[in-house]
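The values are calculated or read from the model by the stated rules, or taken from the named source; none is laboratory data. Model, not experiment: these values are computed from the prediction. Positions of Cβ are backbone-derived with ideal geometry, glycine not excepted, and every protein chain shown enters the neighbour counts. With ligands, DNA and RNA removed, areas are computed over all heavy atoms of the protein, side chains included. Shrake-Rupley method; radii C 1.70, N 1.55, O 1.52, S 1.80 Å.
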Amino acid sequence: QVQLVESGGGLVQPGGSLRLSCATSRITFSIYTMGWYRQAPGKQRELVADIISGGSTNYADSVKGRFTISRDNAKNTVYLQMNSLTPEDTAVYYCNARIFRNTYWGQGTQVTVSS
C-alpha cells in the first residue's frame with residue numbers, strides 16, 4: 001500500500017520557520033511529481049508548491065521567495081522549507097504524489113502561525 005507520511009508541522013511565531021518532510025513508500029518516487037498543498041479552515045485546498053521528477057519547481061504566488069520545495073530521490077522524501085511565516089500560512093499541509101492518472105495523498109500535518 002502506498003504511504004505518504006508528513007512530519008514537521010507545529011506551532012510557530014510569525015516570522016519563524018518550519019521544515020516539512022514527506023516520506024513515501026511503495027512508489028517509484030523519482031518519477032513522480034511531488035507537491036505540497038494546504039487547506040485552511042473554511043477554504044479550499046490549494047497548491048503551495050510542486051516539483052517534477054527533473055527538479056523544476058512551481059510555487060503559489062503567496063509563498064514565492066519564502067518557501068522552498070526540494071526532493072531527495074535517494075530517501076524517497078520531499079521537503080518544504082517555510083520561512084518568514086505569517087498567520088495566513090496557518091493550515092493543514094498535505095503531501096501529494098502524482099503521475100498520469102495516479103495521485104496519492106498524505107494524512108496532513110497542521111501548521112499554526114501565531115504569537
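Report P(r) for the chain: all Cα-Cα distances, bin width 10 Å, range 0 to the bin holding the largest distance, values in whole percent.
Over the chain, the share of Cα pairs per 10 Å bin runs 15, 51, 29, 6, 0 percent.
How large a share of the accessible area of the chain, in percent, is made up of carbon and sulfur atoms when the probe is 1.4 Å and the other protein chains stay in place? Walk me through the intermediate numbers first.
Details: 2820 of 6190 Å².
Looking at the chain in its full context, I get 45 percent from C and S.
Which three semi-axes in whole Å describe the equivalent ellipsoid of segment 1-52, each the square root of 5 times a Cα gyration tensor eigenvalue, listed largest first?
On the way: eigenvalues 109, 41, 26 Å².
Sorted largest first and rounded, they come to 23, 14, 11 Å.
On average, how much accessible surface per residue is there in segment 1-60, in Å², for a 1.4 Å probe, leaving out ligands, DNA and RNA? All intermediate terms of the calculation are to be shown ahead of the outcome.
Numbers: 3250 Å² over 60 residues.
Spelled out: the 1.4 Å probe surface of segment 1-60, per residue, equals 54 Å².
Measuring from label point to label point, each 7 Å out along Cα→Cβ, what is the residue 88 to residue 62 span in nm?
Result: 0.7 nm between the two label points.
Length gain on complete extension for the stretch residue 28 to residue 45, per 0.36 nm per residue less the alpha carbon to alpha carbon distance? Kindly include the intermediate steps, with their values, before the conclusion.
Numbers: separation 17, 0.36 × 17 = 6.12 nm, distance 2.54 nm.
Here the segment from residue 28 to residue 45 would lengthen by 3.6 nm.
Within segment 13-106, which chymotrypsin sites (Phe, Trp or Tyr not before Pro) sit in a loop by DSSP and count at most 16 neighbouring Cβ atoms inside 10 Å?
Values: sites: 29, 32, 36, 37, 59, 67, 79, 93, 94, 100, 104, 105; in loops: 32, 100.
Here the sparse-neighbourhood loop sites are 100.
If each residue of separation counts as 0.36 nm, what is the full-extension length gain between residue 2 and residue 19 once their alpha-carbon separation is subtracted? List each step's numbers first, then the result.
Values: separation 17, 0.36 × 17 = 6.12 nm, distance 2.28 nm.
That works out to 3.8 nm of additional length.
Assigning unit charges at the beta carbon (Lys, Arg +1; Asp, Glu -1) and nothing else, what dipole magnitude in debye, to the nearest 20, does the chain show about its Cα centre? Mind showing how you got there, number by number?
Values: 11 positive and 7 negative charges, 51 e Å.
It works out to roughly 240 debye.
Provide the net charge surrounding residue 112, with neighbours chosen by a C-beta distance below 13 Å and charges set as Lys +1, Arg +1, Asp -1, Glu -1. Walk me through the numbers before you get to the answer.
On the way: positive: 38; negative: 88, 89.
Charge balance in the 13 Å sphere: -1.
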